[in-house]
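The values are calculated or read from the model by the stated rules, or taken from the named source; none is laboratory data. This is a predicted model, so every value here is computed, not measured. With ideal geometry, Cβ positions are generated from the backbone for all residues, glycine too; neighbour counts draw on all protein chains shown.
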Amino acid sequence: MKSYHGNDMWALHYNLGQPVASQIDPLILKVLVLFVHKEAKISNVSEKDDNKKSKDDDKKSVSTAKDILHRFVEDAMTWDKESKDKAEVSIFHYDARASRWRLVSTKRGRPLHSVFLPDVVKSKVVDDMKRFLSARSVKWYHRHGVPYKRSYCFYGPPGSGKTSFIQALAHKFERKLCFLQPSSPQFTDDSLMIAIQSTPMNSIIVLEDIDALFTKNRDSKSHQMTITFSGLLNALDGMANPDGQIFVLTTNHIDRLDSALIRHGRVDLRVEFSTATDEQLKGIFDAFLNDGDAAEVVSGLEIKVEDNNNNKAGENENDSVDNEPENSNDKKEEKELEKETSKQSDDSFPESEFTPLSPEEQEQARTDWVKAWRKQFKKGVPMATVQTLCISQMGKSPRSLIEAIKELKEYEQDHSGDGNNSSFYM
């Protein structure tokens with residue numbers, strides 16, 4: 001029994017009926033019933049706002065038991081929304097066998113500044129998505145009878161930052177990431193449509209490597225795939241799809257896509273991701289030079305070194321010590337062990353072996369850095385290659401970083417013969 005604004009409440013939680021077998025997990029119907037005394041009373045104004053009560057609030061100062069239950073549920077939903085870490089991104093995959101979306105992981109969101117793209121590319125997509133999600137756009141779409149959805153096609157060579165940018169967009173706009181793999185033999189045209197219609201709210205639906213599904217002649221590239229090209233188009237255009245959906249299609253070869261899949265109206269914005277530009281190379285080099293002790297930024301990957309004395313986990317540990325004094329010694333030992341583990345982790349983190357460069361020296365190093373990449377990779381280098389090098393040279397001097405480029409050797413990995421997919425080995 002718990003109290004809510006001075007009123008006792010009871011909760012009855014039980015399973016209804018027997019578990020029902022399914023292809024994946026047993027299905028169990030669970031019921032939660034809340035009770036409050038029929039004579040319970042509550043003010044509609046929170047304790048913080050008692051001094052701001054209006055005449056209308058006075059008239060509603062006494063609520064019925066039903067009103068109290070409704071208010072409790074609303075408060076619980078508000079608390080749940082506010083308590084969630086906005087820095088985290090929930091990632092879902094659709095399970096075609098079970099016909100439902102599964103939460104597969106929750107990851108710390110990637111800030112936009114950690115993804116090194118040309119400013120014109122980044123601002124183009126961010127501004128477009130910001131405008132689409134604005135209240136003014138919602139009214140405009142509805143007023144003109146236009147389906148309220150937005151679709152993007154990110155295309156370019158592997159390792160150019162398409163997936164990383166999608167993760168950063170989800171973090172920026174506080175959206176869930178929902179990945180669809182229509183090539184699964186479990187998918188049919190109907191199940192694909194149901195998957196899109198049942199997508200979790202406030203999400204970005206991602207279909208990666210869309211060119212791997214069909215040829216330009218609309219033939220399936222896999223004999224196991226059961227969806228049809230028209231089924232894919234109908235699912236993307238579905239009249240029953242929820243409003244506000246955002247789709248992102250990615251491909252390494254936009255020239256291999258049927259024009260009907262990326263025509264205007266089905267794809268609103270096409271964004272090209274190229275191999276690393278001079279702007280990107282300089283940006284990642286500057287981040288490498290300016291990394292600090294508290295937030296190491298290495299090639300766009302933010303690594304936070306937390307202070308165990310100030311984080312939330314430490315606060316929770318203090319609370320548990322207060323609630324369970326008999327275990328205070330054990331808690332103290334655990335805390336000391338965590339401090340020692342953290343210290344060992346910090347000691348193993350590579351120390352920078354260079355002093356800050358002067359503005360002139362830094363500009364010269366940036367120039368040499370770009371020239372070294374251009375000399376070593378005649379056909380261009382993916383940002384993923386640059387990132388891997390920066391990680392391997394973590395803590396080294398700028399000169400060592402530049403010299404390491406010479407140890408990389410380019411080779412062709414794309415067996416299709418177009419030569420667009422380059423990688424490296426050391």
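Residues that are small (Gly, Ala, Ser), surrounded by fewer than 19 Cβ atoms within 10 Å (Cβ to Cβ) and within 19 Å of the chain's Cα centre (by Cα): does the stretch 121-143 have at least one?
yes
Which residues, counting only those in the stretch 26-79, are assigned to a helix (DSSP H, G or I), at pLDDT 60 or above and loosely packed, with under 13 Cβ neighbours inside 10 Å?
Passing the criteria: Lys66, His70, Val73, Glu74, Ala76, Met77, Thr78, Trp79.
Taking the stretch 78-106, which residues are closer than 19 Å to Thr199 by Cα and without any contact (Cβ under 8 Å) to a residue 24 or more places away in the chain?
Listed by number, the residues that qualify are Lys81, Glu88, Arg102, Leu103, Val104, Ser105, Thr106.
Answer yes or no: is there a residue in the stretch 179-186 that is part of a loop (DSSP other than H, G, I, E, B) and either small (Gly, Ala, Ser) or modelled with pLDDT of 95 or more (or both).
Yes: one or more hits.
Mind counting the residues in the stretch 105-125 that are in contact with a strand residue (DSSP E or B) (Cβ under 6 Å, 6 or more places away or on another chain), over 19 Å from Phe288 (Cβ atoms), of a type in the set (Gly, Ala, Ser) and not in a loop (DSSP other than H, G, I, E, B)?
The qualifying residues number 1.
What residue, among those in the stretch 229-247 that are assigned to a helix (DSSP H, G or I) and in contact with a helix residue (DSSP H, G or I) (Cβ under 6 Å, 6 or more places away or on another chain), is nearest to Leu133 (Cα to Cα)?
Top of the filtered list is Ala235.
Among (1) surrounded by fewer than 16 Cβ atoms within 10 Å (Cβ to Cβ); (2) under 21 Å from Ala195 (Cα atoms); (3) touching a Ser or Thr at 6+ places or on another chain (Cβ under 7 Å), where does Arg175 come up short?
Status for Arg175: all satisfied but (1).
Does Asp211 count as under 17 Å from Cys153 (Cα atoms), surrounded by 15 or more Cβ atoms within 10 Å (Cβ to Cβ), modelled with pLDDT under 95 and of a type in the set (Asp, Glu)?
yes
Just the residues that are part of a strand (DSSP E or B) and either without any contact (Cβ under 8 Å) to a residue 12 or more places away in the chain or among the aromatic types (Phe, Trp, Tyr) (or both), please, taken from the stretch 200-228.
Phe214, Ser220
Just to be sure, is Thr226 crowded, with 17+ Cβ neighbours inside 10 Å and of a type in the set (Val, Ile, Thr)?
Yes, satisfied.
So which of Arg256, Arg218 ends up being at positive phi, more than 26 Å from the chain's Cα centre (by Cα) and of a type outside the set (Asp, Glu)?
Arg218
Please find, among Asn241, Asn252, the residue that is in contact (Cβ under 8 Å) with a residue 60 or more places away in the chain and over 18 Å from Phe165 (Cα atoms).
Among Asn241, Asn252, only Asn241 is in contact (Cβ under 8 Å) with a residue 60 or more places away in the chain and over 18 Å from Phe165 (Cα atoms).
Of the residues that make up the stretch 130-152, is at least one in a strand (DSSP E or B) and not charged (D, E, K, R)?
For the stretch 130-152, residues in a strand (DSSP E or B) and not charged (D, E, K, R): present.
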